[in-house]
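Comments concern the structure below.
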Amino acid sequence: MNVQALPMNRFIDHHGQVVKPLPEWADAATLKKFYCDMVVARTYDNKAVALQRTGKLGTYPSHLGAEAFGIAIGHALRVQDVFVPYYRDMPAMWVRGIGMEKNLQYWGGDERGSDFCPEGSHLSCQDLPFCVPIATQCTHAVGVAAALKIAGDHNAALVTCGDGATSKGDFLESINCAGAWNIPLVFVVNNNQWAISVPRALQCAADFLSEKAKGAGIPGITVDGNDVVAMFDAVSTALDRARKGKGATLIEAISYRLSDHTTADDASRYRSKDELNQAWQYEPILRLKNYLLNYGHWSEEEEQALLSKAKLEVEEAVERYLNLPPQAPESAFDYLYESPVTELNNQRDELINKAMRMQGGKHV
């Protein structure tokens, strides 16, 4: 089944044609900015996969095909809002001011990749780091949003997850609490049609995952996750609603995972080439590029300049990552608990002493 044929909120189709009037905010300058960011995000993604293949990065979850999803979220959030990401959210985190080298550090096994404050970005340090366990970040986001409501500063939290996460108790409990407590929280589900090797059709009998919102008593909407205009419009509207004290929203973004689940996966074992080839016809970057070209907002000269700039920006970030001094071995203990734990401190000291012995008495 072609999921793109399902009814959903959409402004621009896969040919780059406007299918209903664009919102006032969607002017040429804004959409060109979104397009540039999406191209940079994909350039980074391709490089990260290459780094993993050459042993310079650990297992990596590609965001290929989810560029509109992430870039729209990153731009819709305000500085004071709190972003609670899942593991495929590099584009949104990058827009939020977290450098590419931080993302590389994280997937390279360096704890400093989750420490955003030294980055010196324009953002506060309130955003949470990646969450790899499925759906647990949803429960964290409920706590964050409850705190924001108590603070009364009219800020909101936004949490992301994949389609597979919506089958977890953590997710269902979270949307239930969000509705019951009327907290400023937006759930955005990246429905990329695959929970590792489990297709969407085997995960849930409902036509749309957004229907799960009804049981929680919150609005649920389905949008075309390959249309950055539909994505930004839905997310910004839901965030504005949350900031005004009107409660939570569940957004289902219909997309497609164009990559393997991670670099440790081989998706060719469970999905057909025909399905993948069809999905590429609807991918978000080509769609937005076609729109810009169709309506005279983009040129080949701009395209070549963008590709060169994106490549340079990514290469510079990779160079910074590769030249970082190694992390001290004992840092594995430093981010587990807010307050020191005696047993772990003893293990940490033992590791330091062992490392010093191996280095001839010098602390590494």
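The values are calculated or read from the model by the stated rules, or taken from the named source; none is laboratory data. Because the structure is predicted, anything quoted here is derived from the model rather than measured. Cβ: placed from backbone, ideal geometry, glycine included. Neighbour counts: every protein chain shown.
Out of curiosity, is L307 farther than 18 Å from S62 by Cα and in contact with a Phe, Trp or Tyr (Cβ under 7 Å, 6 or more places away or on another chain)? Answer is no for this residue.
Scanning the stretch 324-364 for residues that are surrounded by 10 or more Cβ atoms within 10 Å (Cβ to Cβ), of a type in the set (D, E, K, R) and either touching a strand residue (DSSP E or B) at 6+ places or on another chain (Cβ under 9 Å) or modelled with pLDDT of 90 or more (or both) yields R348, D349, E350, K354. When H140 is tested against (1) of a type outside the set (A, V, I, L, M, F, W, C); (2) part of a helix (DSSP H, G or I); (3) out of contact with any Cys (no Cβ under 8 Å at 6 or more places or on another chain), just one condition goes unmet, and that condition is (3).
A count restricted to the stretch 307-323 and to residues that are loosely packed, with under 12 Cβ neighbours inside 10 Å and of a type in the set (G, A, S) stands at 1.
Listed here are the residues, each with its yes/no results for (1) farther than 30 Å from F208 by Cβ; (2) surrounded by fewer than 17 Cβ atoms within 10 Å (Cβ to Cβ); (3) at pLDDT 95 or above; (4) in contact with an Asp or Glu (Cβ under 8 Å, 6 or more places away or on another chain).
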{"site": "W107", "(1), (2), (3), (4)": "yes, no, yes, no"}
{"site": "S114", "(1), (2), (3), (4)": "yes, yes, no, no"}
{"site": "C117", "(1), (2), (3), (4)": "yes, yes, no, no"}
{"site": "S124", "(1), (2), (3), (4)": "yes, yes, no, no"}
{"site": "A135", "(1), (2), (3), (4)": "no, no, yes, yes"}
{"site": "A145", "(1), (2), (3), (4)": "no, no, yes, no"}
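Within the stretch 10-39, the set of residues being of a type in the set (V, I, T) and closer than 19 Å to S255 by Cα comprises I12, V18, V19, V39. Looking across the stretch 162-198, the residues that are out of contact with any strand residue (DSSP E or B) (no Cβ under 7 Å at 6 or more places or on another chain) and without any contact (Cβ under 8 Å) to a residue 40 or more places away in the chain come down to S167, K168, G169, D170, E173, S174, C177, A180, W181, V198. The helices (runs of 4 or more DSSP H) found entirely in the stretch 2-120 that carry 3 or more residues being of a type in the set (D, E, K, R) are 28-53.
The residues listed here are G65, G58; of these, the one that is touching a residue at least 12 places away in the same chain (Cβ under 8 Å) and under 17 Å from the mean Cα position of the chain (by Cα) is G65. For the stretch 64-74, the criterion of a residue being of a type in the set (V, I, T) and surrounded by fewer than 24 Cβ atoms within 10 Å (Cβ to Cβ) is satisfied by no position.
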